Amino acid sequence: MANDAGLIVVLVLVAVAILMQAGAMVGIWLAIKNIHREVVGVRADVKQRFDPLAQSVTALLVDSREPVRSITANLAEISRILRDRTSHVDGVVADLVDKTRFQVSRVDRMVSDLVQKVETTADVVQRNVLAPIYEVSAVVKGVRSGLEFLFSRRRAPSVSEATQDEQLFI
């Protein structure tokens, strides 16, 4: 009997434990069911708010396709025009550089010719103008010395002057 009473107590305890586990399982099942309902509600709310946003973004993308195409076409046209104008400006600059180089060469030749002509003219002036002037000047100095000699009084050289002149003569 004592054994029977212990067995009954153990069976009661096992039965209570199984009932508690069953209650816990029912509680978990109810919690999961509530979570599922809340997730479905949140999903419906997100879908309700997201659908208009997705439609707005889709409409915006559809509406922006044509302006983007237009902008792309304009940029391509601007790029082509810039390339054409750049090549045209490059040609003009190359032509300007060639002309400038030619003109600089021409000015250099003109300056060289001018310097040569000035040197030639200076030589001619020196030979044809200054040489006769030097000759005339020498003749005038000679005539002046001769006239001074003729019109000056001649005094007889003193002995000391003659001796001094002889000492200076080498």
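Please treat every number below as a calculation from the coordinates, not as lab data. Remember, it's a predicted structure, so these values are computed and weren't measured experimentally. Glycine gets a Cβ as well: all are built from the backbone with ideal geometry, and neighbour counts include every protein chain shown.
Each listed q (0.16, 0.18, 0.21, 0.24 Å⁻¹) maps to a log10 I(q)/I(0) for region 66-114 from the Debye sum over equal C-alpha point scatterers, namely -0.62, -0.68, -0.75, -0.82. Using alpha carbons only, how many degrees (0 to 90, rounded to 10) separate the axis of helix 159-168 from the longest principal axis of the chain? With both axes taken from Cα atoms, the answer is about 40 degrees. For region 1-136, the normalised intensity computed at q = 0.09, 0.14, 0.16, 0.19 Å⁻¹ comes to -0.78, -0.98, -1.05, -1.13 (log10 of I(q)/I(0), Debye sum over alpha carbons, equal scatterers, no solvent).
What angle do you read, to the nearest 10 degrees and between 0 and 90, between the alpha-carbon axis of helix 131-151 and the longest principal axis of the chain? Value to nearest ten degrees: 40. With 0.36 nm allotted per residue and the present C-alpha distance subtracted, the H88-N34 stretch has 11.7 nm of extension available. Multiplying the residue separation of R101 and A131 by 0.36 nm and removing their Cα-Cα distance gives an extension gain of 6.5 nm. Once you reduce region 107-147 and region 47-73 to the center of their Cα atoms, the two points are 95 Å from each other.
Simple spin-label estimate for Q116 and A76 gives 6.2 nm between the two label positions (7 Å along the Cα-to-Cβ direction from each Cα). Net length available on complete extension from S152 to L7 is 33.8 nm, with 0.36 nm assigned per residue and the Cα-Cα distance removed.
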